[in-house]
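Step one of this worksheet: look at the structure below.
Rule-based calculations on the coordinates, nothing more; no lab input. For clarity, every value in this text was computed on a predicted model and none was experimentally measured. Cβ sites come from the backbone with ideal geometry, for glycine too, and all protein chains shown count toward neighbours.
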Amino acid sequence: MKKFELFLGGTFVLGRIFALCNVPVYGFLTLMSASVLYLYYLFLSFYLLNGKKWGDIFRKVTYRNAEVYQSVVSILAGIILSSFVYGILNVVMHWTKTLIVVYTPIVFIVFISLVLLFGLKNEKYKQFAKQNLFRILIVVLIGITSVILL
């Protein structure tokens with residue numbers, strides 16, 4: 001996981017801990033960290049999930065040897081993770097009628113996890129699949145734990 005992603009996840013967890021302790025800043029920390037993480041997953045999923053360097057993101061050389069499996073899975077996983085983070089944000093901030101926004105991405109998370117599990121069989125994609133399965137597991141655990149602790 002990237003340092004920026006870990007920072008945003010840690011800020012989200014800190015916001016949830018502040019919510020349990022009734023510290024007034026919890027709404028700002030939760031909203032800002034989850035919103036930025038949502039946008040980060042949505043727009044930079046190819047860069048983030050493929051392990052590309054930030055300086056190489058706009059270079060043509062970076063995308064010449066891109067594998068189709070990694071490209072498709074990373075873009076789909078980014079969209080699914082961003083919609084899950086958005087759904088968790090809606091539930092945590094107590095916005096109305098938002099449980100469907102959480103339940104829908106969970107179905108797709110199961111689907112993309114199965115695709116990544118099949119990628120573990122191929123030696124070429126083993127490291128890619130392990131990293132992204134770990135990332136999905138962490139995001140889902142943090143999200144479900146924050147919803148349960150409401």
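Are any of the pairs 52/121; 52/126; 2/53 more than 19 Å apart by Cα-Cα distance, and if so, which?
Pairs exceeding 19 Å: 52/121.
With a point put 7 Å past each Cα toward its Cβ, work out how far residue 147 is from residue 104 in nm, to one decimal.
A separation of 1.4 nm, rounded to one decimal place.
Read phi for every residue in the stretch 92-108 and hand back ³J(HN,Hα) as whole Hz from Karplus 6.51 cos²θ - 1.76 cosθ + 1.60, θ = phi - 60°, with x for Gly and Pro.
With coefficients 6.51, -1.76 and 1.60, one gets 5, 7, 6, 7, 6, 6, 10, 5, 5, 6, 8, 6, 4, x, 5, 4, 6 Hz.
Counting each DSSP H run of 4 or more residues in the chain as -39500 (n - 2.57), what helix-only mean residue ellipticity at 222 nm follows after dividing by all residues, to the nearest 500 deg cm²/dmol?
-25000 deg cm²/dmol
Can you order the peptides 105-112, 94-101, 78-85, 121-128 by their average number of other Cβ atoms within 10 Å per residue, highest first?
The densest-packed peptide leads the list: 78-85, 105-112, 121-128, 94-101.
Any chance you could give the angle, 0 to 90 degrees and rounded to 10, that helix 126-148 forms with the longest Cα principal axis of the chain?
Rounded to the nearest ten degrees, it is 10.
Would you mind checking the tilt of helix 3-20 against the longest principal axis of the Cα atoms of the chain, expressed as 0 to 90 degrees and rounded to 10?
20 degrees
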